[in-house]
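Just so you know, all these numbers are worked out from the coordinates, no wet-lab data involved. For clarity, every value in this text was computed on a predicted model and none was experimentally measured. Positions of Cβ are backbone-derived with ideal geometry, glycine not excepted, and every protein chain shown enters the neighbour counts.
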Amino acid sequence: MAGSTSTSEAVTSEWLTERIPGRTAQELGAGLEALIRSGELPPGSQLPTIRRLSTAAEVSVGTVLAAWNHLRDLGLIETHRRGGTIVNLPDVHRPASAPFRSWSEIDLQSGAPDIGLQPDLRAAVLDSLTVEGLNVFGRDFMTERLRGAVAGTWPFPPASWATAGGGTEAILLATAAAAKPGSLVAVDEPLSPGFLDTLRDLELAPIGVESDADGPTPASLRAALERGAVAFVVQPGAPFALSHVLSPERARELAAVLAEHEGVWVIEDDSIGPLSAGEPPTLGAELAQRVLRVRSYCKAYGIDVRTSVLGGSSELVERSIRLRSHGVGSNSRILQNTLAYLIDDAETDEVVARAREIYRARKAALVAALEERGVVVRSGAESIVVWVEVANETDAVVGLASKGISVGPGSKSFVTAPETPLIRVSPLQLPDDPAALEQLAGWIVVAAKGAMREYFD
């Protein structure tokens, strides 16, 4: 037998193709379903990769992916971060998930992803070791393979490319390239935690740009530019928005305002990369020579991929390269080509799509639980943050910390603290445990009302 519940033995593509006569997506899906339900493919069997099965069956990757999706919809297979795609127990016999243990193990503050929902990196790393030119002296600020993988995903034709470490390093380099110390920088707020501190480290003064339902408003951006802002940092995917999603129409309106102010640079901070439901709008279509888009892949693929991409203005790319270790820094070819593999890999796309849906469900569950209790919450449709209105920000943060719950102060994400105090809750690592969610919602309610305080008796 090709599979085993105790050893999770790998099933070969040849074994499967011998037993499934059909080659359409429907026939492959039905054949695999029959093998699983009959017990011939027992729970725990590890299936071949989509690429290997498509090669053996002489069908497209998309055909196998459609069959995989059919099986996943039935709950018959699941993809694990380190174990590949395995056969599940039938739904009626599936054991309960591991019980929730402690809030101290859950990060509700920083927006860190659930690493259990990220793809297995082994195949990607091993594949990157087979590329020609490995260990050749010299620097590739971007490998040809990575450029080829990324080019089709970019929302406008960039004049130049580069890579950096994680997204935080990349946005720091890009912003420093666009604004000299002592300059004013317009920022689309609320921002990711810590970015305002980064601006201060760069000796830059931020000017907040307000938003409405369609994104940063042209009037607010114009006011910032008239005050002397030399750059505009915008978040096209609106991952930290209170309520908005940047619309394509608004992106064009903002580009028109910027066109009135020559010499102002635009940094597009695409901090969640492949986790976006679609390609966020860009100002680069109208201002290609003045826009630098920075895309991070850490939340989708894992922090140890440690490669972000900068694409756009050649001048800003060159400045960013010079700022990184005086121009001698570059990302490992191994890391760059690992990223290229993940971008092109259909199974990785599938893992990321599943993570995206789980994150959406977790956020929706938290929002619903809080709203049912009368708490005022805000969160844009694509936001990875839930903003909760509270009586006192400090009291709420400290009070929840006393319960082992770590959330973020809202004021850290605004140039000027909002009139209504807010706390920032990241739902990405929320346990899929209804009782734990109820407990969390109850404590947040108490914190929101100002009932959690420090006493010194």
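Taking a straight Cα-Cα cut-off under 28 Å and skipping sequence neighbours fewer than 8 places away in the same chain, the lysines within cross-link reach of K363 are K299, K403, K412, K449. The Cα atoms of the chain give a gyration tensor whose axes a ≥ b ≥ c have a/c of 1.5 or more with a/b no greater than b/c, which makes the shape oblate. Modelled label positions at E226 and A353, each set 7 Å beyond Cα in the direction of Cβ, lie 4.8 nm from each other. R222 sits among other residues whose Cβ lies under 12 Å from its own Cβ, and their net charge, with Lys and Arg +1 and Asp and Glu -1, is -3.
Positive-end ranking of P181, V328, M142 along the dipole of region 122-344, with charges on Cβ about the Cα centre, is headed by V328.
The length gained by stretching the chain between A10 and A112 to full extension, at 0.36 nm per residue less their Cα-Cα distance, is 33.5 nm. Stokes-Einstein diffusion for region 122-344, with the hydrodynamic radius set to the Kirkwood value over Cα pairs and evaluated at 20 °C in a medium of 1.002 mPa s, equals 122 µm²/s.
How long are the three semi-axes of the equivalent ellipsoid of region 173-282, in whole Å, if each is the root of 5 times an eigenvalue of the C-alpha gyration tensor, listed from largest down? Taking √(5λ) for each Cα gyration eigenvalue gives 20, 17, 12 Å. Beta bridges assigned by DSSP with both partners in the chain are antiparallel in approximately 55 percent of cases.
Annotation: extensible slack from A205 through V376 equals 58.4 nm (criterion: 0.36 nm per residue apart, minus Cα-Cα distance). Based on C-alpha pairs under 8 angstrom that are at least 6 apart in sequence, region 122-344 has a relative contact order of 31 percent. With helices as the sole contributors, the chain gives -11500 deg cm²/dmol at 222 nm; each DSSP H run of n ≥ 4 counts as -39500 (n - 2.57), and the sum is divided by every residue. With Cα atoms as the point set, the radius of gyration and Dmax of region 13-93 evaluate to 11.5, 35 Å. Report, to the nearest 10°, how far helix 61-73 tilts away from the longest principal axis of the Cα atoms in the chain, using its own Cα long axis and a range of 0 to 90°. Computed tilt is about 90 degrees.
Once you reduce region 264-297 and region 135-208 to the center of their Cα atoms, the two points are 10 Å from each other. Amide H to amide H distances under 5 Å link L41 with I36, where only residues 5 or more positions off or on other chains count and H is placed in the peptide plane.
Using 0.36 nm per residue and subtracting the Cα-Cα separation, the extra length available between A288 and L323 on full extension is 10.4 nm. As a proxy for reagent exposure, ranking R200, R424, R322, R362 by other Cβ atoms within 10 Å from fewest up yields R200, R322, R362, R424. Relative to a virtual label point 7 Å from the Cα of R139 in the Cα→beta-carbon direction, which members of region 299-326 show backbone nitrogen distances below 12 Å? Under cut-off, by backbone N: 318-326. With each label modelled as a point 7 angstrom along the Cα→C-beta vector, the E40-S247 pair spans 5.5 nm.
Here, region 217-376 is characterised by an Rg to Rh ratio of 1.02, where Rg is the alpha-carbon radius of gyration and Rh the Kirkwood radius. Note on T394 and S332: the model spin-label points, each 7 Å out from Cα along the C-beta direction, lie 4.4 nm apart.
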